1. What does the extension gain come out to for VAL503 and LEU270, with contour length at 0.36 nm per residue minus their alpha carbon separation?
2. Run through every distinct alpha carbon pair of segment 403-536 and return the Kirkwood hydrodynamic radius in angstroms, one decimal place.
3. Need the list of lysines near LYS573 for cross-linking: C-alpha distance under 30 angstrom, and skip anything on the same chain fewer than eight residues off.
4. Could you state how much accessible area ARG461 has, in square angstrom rounded to the nearest 10, with a 1.4 Å probe and all protein chains kept in place?
5. For segment 234-287, give the percent of accessible area contributed by carbon and sulfur heavy atoms, probe 1.4 Å, rounded to a whole number.
6. Please work out how much accessible surface GLU322 shows to a 1.4 Å probe, ignoring ligands, DNA and RNA, in Å² rounded to 10.
7. Where a Cα-Cα gap under 21 Å defines reach, which lysines qualify for LYS272, not counting those fewer than 8 residues away within the same chain?
8. I need the GluC sites (Glu not before Pro) found in segment 176-283, filtered to DSSP loop residues with at most 11 other beta carbons within 10 Å of theirs.
Amino acid sequence: KEGKINLPIVGQLHVAGLTYGAAKVEVKKACSKIYSSLNSGQSHLSLTLTNMRTIRVTVLGAKRPGTYSVSSLATVFNALHAAGGPNQHGTYRKIELIRNNKVIQTIDIYKFLTTGDQSENVSLQENDLIRIPVYDIRVSIEGNVKRPGVYELLPGEKFNDLLEYCGGFDEAAYRKNIKLIQNTDDGMRVIDMTEEKYNAYTPELGDVFKVSQNLAKFDNKVSIRGAVYRPDDYEFVEGMTVADLISKAEGFRPDAYTTRAVLIREKEDLTKVLVDVNVVDGTLNLQKNDELVISSSFDFKNQSTVYIGGQVKNSGSYPYIENMTLYDLILLAGGFTEMASKHLEISSVIIKDEKAGDFTQMSVVKQWEIDTLLVDQSKNLAIGPHDIVNIRAKPIFEKQKTVTIVGPVEYPGDYVVSDKKERVLDVIERSGGFKYDADLNAIRVVRKIEQYDETGELLHRKEIIIPIDYNKILKAPESEKNFALQAGDRIVVGIKRGTVLVVGHVERNSEIPYANHRLKYYVSAAGGFGNDPFKKRVYIIYPNGQAKETKSFMGIRKYPKVVPGSEIVVPEKPEHKRKGPRMSASEVIGIGSAITGLGSITLAIVRLLQQ
């Protein structure tokens with residue numbers, strides 16, 4: 001506290017005002033005079049900060065202005081973050097750090113945001129004041145830039161500086177002309193900004209810059225689509241013919257329908273017109289933006305499909321091919337799974353003729369037995385368009401299920417569960433028991449939960465943690481705590497940890513050595529509660545995954561017990577529960593006078609009633 005370190009034999013060292021790194025150098029230099037092995041590398045010195053003092057700084061012009069207690073190692077950015085940053089009208093470019101009534105540093109946050117420069121992010125001292133003035137110039141940039149938004153500029157900065165802050169133009173931006181919407185005394189006006197003005201124009205308060213997108217137009221393009229080998233866009237040159245374009249596309253495919261093709265041409269008013277074209281002759285001259293469409297003979301045919309599902313490797317729809325059989329379809333689907341039986345069902349659609357009257361029957365369903373080796377042709381049959389085939393599963397087939405155990409046990413790994421009633425303790429015993437460093441309070445089961453829709457499609461998968469109380473299981477193996485395992489379960493055995501993790505709204509997330517103390521000890525060791533901690537909702541996650549929250553009664557909080565390996569979580573207080581601005585002294589006096597007056601009136605009423 002006095003800024004001094006007393007070391008046996010070495011003596012007293014003054015470290016006040018030094019950084020942690022500089023203090024370590026001084027300590028090592030002093031110790032090296034006594035312990036020569038530090039210089040040779042045979043010995044090592046460790047310097048650790050166990051507790052950090054807090055300092056008070058004031059932030060004005062922030063979203064949450066006020067006085068804050070922060071770590072003595074805190075910087076300007078730490079205090080700004082705690083105060084929520086500049087308010088709606090606060091500047092990001094000229095934030096002042098005031099010490100002893102003098103501005104010792106002006107901070108431009110844009111330097112950090114654009115270049116990572118933290119040279120102005122200086123350390124704080126007791127009673128420092130951070131003042132956030134209002135901004136001078138704020139402008140907007142919209143459209144095809146990499147980071148559109150509102151930006152603050154310093155007096156004298158140009159439009160090119162704004163481009164740098166917003167990341168510059170994106171790849172589709174039209175750069176030759178930018179629309180500037182500028183405020184006037186009685187309204188607004190539009191200004192066209194060309195490239196030569198970018199470094200000359202000084203933006204003014206309220207300017208709005210709009211960057212438009214390049215037009216998707218081509219000056220030298222012709223296109224070919226359909227039944228050619230390389231359908232694409234190609235360069236147009238004067239005198240180019242239909243035959244030239246087909247040649248660039250490497251000619252017709254065998255399925256090309258050459259009796260008639262379609263040439264879509266763009267007129268001067270940008271409307272479209274169809275031009276008759278003989279693609280076999282190919283002598284017609286093309287114009288820019290012409291599009292030639294070659295149809296395929298398959299376009300005039302209906303493509304039917306068939307479906308196979310159930311116990312095949314690749315269930316789904318497949319194109320119907322003439323003379324297709326059941327065996328062909330099964331082979332296309334990758335063959336059977338190991339669960340497939342010889343029983344299947346085929347559903348064939350009934351083609352209705354409107355003139356023949358209405359039918360109530362929609363399809364014909366046939367039960368069928370198949371040779372699973374696909375050898376006996378007597379059990380094969382023809383498949384028709386739109387048929388649906390479902391391969392049934394063997395009724396008594398059930399896959400073996402496995403569970404996994406990981407961590408400090410004698411034989412970690414996968415275990416086949418031979419009995420549907422096999423429980424947690426059974427698998428732990430099969431793994432050979434625990435090693436010396438196993439934490440019996442840190443055992444949990446991780447279980448996968450999967451949800452499917454009505455078609456069997458996986459919607460989502462998540463994992464849940466089931467805490468295990470191993471000591472209670474040992475005492476009562478038949479209790480519900482020693483539950484039966486499911487396929488895919490993972491038993492996780494933790495390693496003994498002699499520390500406690502403190503996270504959330506504390507001054508610094510820390511891992512503290514366990515010392516058989518209450519919860520507040522560990523929060524204090526992490527620098528104490530931070531800004532707006534929700535103390536009533538502090539909770540502990542125990543090593544086995546179980547969580548336990550703080551209980552409150554009559555304003556008295558009872559924090560859960562801390563054990564080695566615990567994680568203490570300090571949540572943030574909800575917005576509606578945070579305290580508003582403090583009342584002034586005059587307001588407090590006024591409220592006190594009102595309460596006193598109310599008490600006098602109440603006493604007078606009581607006396608009157610007694611009479």
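The values are calculated or read from the model by the stated rules, or taken from the named source; none is laboratory data. No experiment lies behind these values; they were computed from the predicted model shown. We place every Cβ from the backbone using ideal geometry, glycine too, and count neighbours over all the protein chains shown. Quick note on the areas: whole protein, heavy atoms, side chains included, nothing else; ligands and nucleic acids left out. Shrake-Rupley method; radii C 1.70, N 1.55, O 1.52, S 1.80 Å.
1. Details: separation 233, 0.36 × 233 = 83.88 nm, distance 6.42 nm.
Gain on stretching VAL503 to LEU270: 77.5 nm.
2. 17.6 Å
3. Reachable lysines: LYS63, LYS462, LYS520, LYS535, LYS536, LYS548, LYS551, LYS558, LYS561.
4. So the heavy atoms of ARG461 present about 140 Å² to solvent.
5. Roughly 50 percent, rounded to a whole number.
6. Accessible surface of GLU322 is approximately 150 Å².
7. In chain and number order, the partners are LYS217, LYS221, LYS288.
8. Details: sites: GLU195, GLU196, GLU204, GLU235, GLU238, GLU250, GLU266, GLU268; in loops: GLU204, GLU238, GLU250, GLU268.
The qualifying sites are GLU238, GLU250, GLU268.
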